[in-house]
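K.L.:
Here it is: the structure, laid out below.
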Amino acid sequence: QPSAIKGAVHLNMLDAQGALRDVKALSLSLDCDLTPAEIRQLALRFAKAGAALGAVEISGPFDLAQQEGQLAVAVRGIDRQVLNLAGALGGMDFNQTSLSSTNRIEITRHAQAITVNGQMTADRFSVTQKGQTTPALDLAAAYHLTLNQPNSNLMVRAFTLTGRQGGNELLRATLSKPMWI
């Protein structure tokens with residue numbers, strides 16, 4: 001068993017055409033620094049022509065042998081250009097959308113129980129597809145979830161979703177008590 005793993009992988013899109021033409025000049029970098037007891041850094045970063053388009057970063061104590069730990073997972077400013085990668089084949093454009101999220105993830109019982117406590121924001125969320133565009137909304141969600149894999153169930157302990165347009169609240173959904181799925 002290695003005492004540490006440290007490395008990086010970089011991918012640069014030199015050319016792209018058709019539905020994926022927007023990925024031209026996109027670069028991805030994956031950096032990892034981990035030990036059998038800790039994820040010091042696991043980061044996937046997106047950039048285009050040197051400009052940052054967002055990142056997904058994971059860190060925290062994690063016992064690889066026991067598959068248990070407490071991780072911080074952050075999604076930082078995922079730009080529309082990154083989102084358009086997922087929507088390109090479906091002809092979707094995410095306009096000026098930007099995503100961010102912060103999460104605390106606790107993994108216990110040999111990865112049989114996973115608890116996620118976090119929040120997510122989607123600023124200026126709007127999608128254009130086949131000439132139709134949704135109005136831009138600022139969405140925010142807060143959640144506290146527990147997955148029990150042996151029982152194949154999910155407990156939604158808390159969930160709140162709000163949507164604003166031009167400073168006015170248009171949507172509010174709140175879970176009044178925990179719910180099993």
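K.L.:
Only one of Arg21, Arg76, Arg80 is modelled with pLDDT of 90 or more and of a type in the set (Lys, Arg). Can you tell me which? So that I can check it myself, show each step before the final result.
P.N.:
On the way: Arg21 fails: modelled with pLDDT of 90 or more; Arg80 fails: modelled with pLDDT of 90 or more.
Answer to the check: Arg76.
K.L.:
So is Phe159 at pLDDT 95 or above, open to solvent by less than 80 Å² (accessible area, probe 1.4 Å) and farther than 28 Å from Gly60 by Cα or not? Spell out the reasoning first.
P.N.:
Values: at pLDDT 95 or above: yes; open to solvent by less than 80 Å² (accessible area, probe 1.4 Å): yes; farther than 28 Å from Gly60 by Cα: no.
No, not satisfied.
K.L.:
Filter segment 24-51 for residues that are of a type in the set (A, V, I, L, M, F, W, C) and over 19 Å from the mean Cα position of the chain (by Cα); which is most open to solvent (accessible area, probe 1.4 Å)?
P.N.:
Selected residue: Ala49.
K.L.:
I need the full set of residues from segment 5-46 which are within 30 Å of Gln70 (Cα to Cα) and assigned to a loop (DSSP other than H, G, I, E, B), in order please.
P.N.:
Pro36, Ala37
K.L.:
Can you say whether Arg109 is basic (Lys, Arg) and more than 30 Å from Arg21 (Cβ to Cβ), as far as the supplied structure shows? Even if it seems obvious, please write down each step before you answer.
P.N.:
Numbers: basic (Lys, Arg): yes; more than 30 Å from Arg21 (Cβ to Cβ): yes.
Yes, satisfied.
K.L.:
Now a separate question. Identify, from the list Gly60, Gly54, Gly69, the residue that is in contact with a Leu (Cβ under 6 Å, 6 or more places away or on another chain), open to solvent by less than 40 Å² (accessible area, probe 1.4 Å) and either within 29 Å of Gly90 (Cα to Cα) or not in a helix (DSSP H, G or I) (or both).
P.N.:
The conditions single out Gly60.
K.L.:
Let me ask you something else. Of the residues Thr121, Thr133, Thr174, which single one is exposed (fewer than 15 other Cβ atoms within 10 Å of the Cβ) and closer than 26 Å to Arg80 by Cβ?
P.N.:
None of the other options fit; the residue is Thr133.
K.L.:
Sticking with this structure for a sec: Arg76 - would you say it is part of a strand (DSSP E or B), in contact with a helix residue (DSSP H, G or I) (Cβ under 9 Å, 6 or more places away or on another chain) and either under 30 Å from Gln17 (Cα atoms) or among the polar types (S, T, N, Q) (or both)? Lay out the reasoning, then the answer.
P.N.:
Numbers: part of a strand (DSSP E or B): yes; in contact with a helix residue (DSSP H, G or I) (Cβ under 9 Å, 6 or more places away or on another chain): no; either under 30 Å from Gln17 (Cα atoms) or among the polar types (S, T, N, Q) (or both): yes.
No, not satisfied.
K.L.:
Return the residue satisfying two criteria in turn: it lies in segment 86-96 and is surrounded by fewer than 17 Cβ atoms within 10 Å (Cβ to Cβ) and of a type in the set (A, V, I, L, M), and of such residues it is modelled with the lowest pLDDT.
P.N.:
Among those residues, the one meeting the criterion is Leu89.
K.L.:
Cβ-Cβ below 9 Å, separation at least six or inter-chain, first residue in segment 40-54 and without any contact (Cβ under 8 Å) to a residue 60 or more places away in the chain and under 17 Å from Val75 (Cβ atoms), second among the aromatic types (Phe, Trp, Tyr) and surrounded by 13 or more Cβ atoms within 10 Å (Cβ to Cβ): which pairs?
P.N.:
Ala52/Phe46; Leu53/Phe46; Gly54/Phe46
K.L.:
Consider Leu139 against the criteria (1) open to solvent by less than 80 Å² (accessible area, probe 1.4 Å); (2) over 15 Å from the mean Cα position of the chain (by Cα): it satisfies all of them except one. Which criterion is unmet?
P.N.:
Failing condition for Leu139: (2).
K.L.:
Name the residues in segment 109-167 that are out of contact with any strand residue (DSSP E or B) (no Cβ under 6 Å at 6 or more places or on another chain), without any contact (Cβ under 8 Å) to a residue 24 or more places away in the chain and small (Gly, Ala, Ser), would you?
P.N.:
Gly131, Ser152, Gly166, Gly167
The values are calculated or read from the model by the stated rules, or taken from the named source; none is laboratory data. Everything numeric here is computed off the predicted structure, so don't read it as measured data. A quick note on method: Cβ atoms are made from the backbone with ideal geometry, for glycine too, and the neighbour counts reach across all protein chains shown. With ligands, DNA and RNA removed, areas are computed over all heavy atoms of the protein, side chains included. Shrake-Rupley method; radii C 1.70, N 1.55, O 1.52, S 1.80 Å.
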